[in-house]
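The values are calculated or read from the model by the stated rules, or taken from the named source; none is laboratory data. This structure is a prediction, so every number in the text was calculated from the model and none was measured. Positions of Cβ are generated from backbone atoms using ideal geometry, with glycine treated the same way; all protein chains shown enter the neighbour counts.
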Amino acid sequence: MAVWRKWVNTESCPSRQDESTVQMCESTNPDDVWYKKMKACVTPLPDVKDESEVAGGAIKPFPGRLNAVPPRIANGLIPGVSSQAFQKDNEMWKKHVKAYSTVNKYLLTGRYRNIMDMNAGFGGFAAAIESPKSWVMNVVPTIAKISTLGAVYERGLIGIYHDWCEAFSTYPRTYDLIHASGLFTLYKNKCSMEDILLEMDRILRPEGAIIMRDDVDVLTKVNRLARGMRWNTKLVDREDGPLVREKILYAVKQYWVGGNQTATA
């Protein structure tokens, strides 16, 4: 067994005789990993000014880090995202989750143990429902405009990249609650709405819940398909009122089995 401890920074790592055997990766973007071959190398750490500085920025202990600005955002490493934009996003998701809980009364009770956010962004949904009774798999789509998975990790959350035009590995668990914000608009003209809904149905447990928010025209189509899949659905306005095009679709996957009335002995 080998145990490897990540360096605080390259300056604080003492010189070793076998240092030449450590191969550093040449890639300038360590987050570009989708469909890339694994290499036997270590990603270089960001430069620091002195040995006491943590490469990439110090992270607060959990749970304080959950709502703190991630270092890579504070240091301007995610293009187009400022600390103020992150804080605004964080507050927005607190408001959204509060509104969700007025419709889905079980959301904040701990009933849903395994939760997935299919388009996690910065992990605001997961942070807003943080509870020791549940955990959230934050999925960052590979076709998202910006890569936010690193910020999700720096908040102390679990996450993964995935392309929802492909099947998601559910080993060793399925999910009690699925959240999807803007997912169908994101994948418009990428793959069919039906395929994504069938994948959601596959990974969701019977009597599990789904919360989807998207444009009203998109959710109207989703609602029609969901009813054909025997989901119980409810389309409602978002908390800002009926004049906003974005709506919310709540659904529950029913427990049912196919009849065998035509079967013969």
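Out of curiosity, is Ser83 within 30 Å of Cys165 (Cβ to Cβ), out of contact with any Gly (no Cβ under 8 Å at 6 or more places or on another chain), surrounded by 13 or more Cβ atoms within 10 Å (Cβ to Cβ) and polar (S, T, N, Q)? No, not satisfied.
Per the conditions (1) of a type in the set (S, T, N, Q); (2) outside any loop (DSSP other than H, G, I, E, B); (3) modelled with pLDDT under 95, the sole criterion not satisfied by Ser131 is (2). In the set Pro141, Pro132, only one residue is without any contact (Cβ under 8 Å) to a residue 60 or more places away in the chain and under 18 Å from Tyr187 (Cβ atoms); that residue is Pro141.
If you filter region 44-77 down to residues that are of a type in the set (A, V, I, L, M) and either touching a Lys or Arg at 6+ places or on another chain (Cβ under 6 Å) or loosely packed, with under 14 Cβ neighbours inside 10 Å (or both), you find that the one that is modelled with the lowest pLDDT is Ala58. Looking across Val216, Val222, one residue alone is over 30 Å from Leu45 (Cβ atoms) and surrounded by fewer than 21 Cβ atoms within 10 Å (Cβ to Cβ). It is Val216.
Taking the listed residues Leu177, Leu249, Leu219, the one that is part of a strand (DSSP E or B), of a type outside the set (Lys, Arg) and either closer than 14 Å to Met116 by Cβ or more than 19 Å from the chain's Cα centre (by Cα) (or both) is Leu177, with no other qualifying. Of all the criteria given as (1) exposed (fewer than 14 other Cβ atoms within 10 Å of the Cβ); (2) in contact with a helix residue (DSSP H, G or I) (Cβ under 6 Å, 6 or more places away or on another chain), the one not satisfied by Asn29 is (2).
Scanning region 146-169 for residues that are in a helix (DSSP H, G or I), without any contact (Cβ under 8 Å) to a residue 40 or more places away in the chain and of a type in the set (A, V, I, L, M) returns a single hit, Val152.
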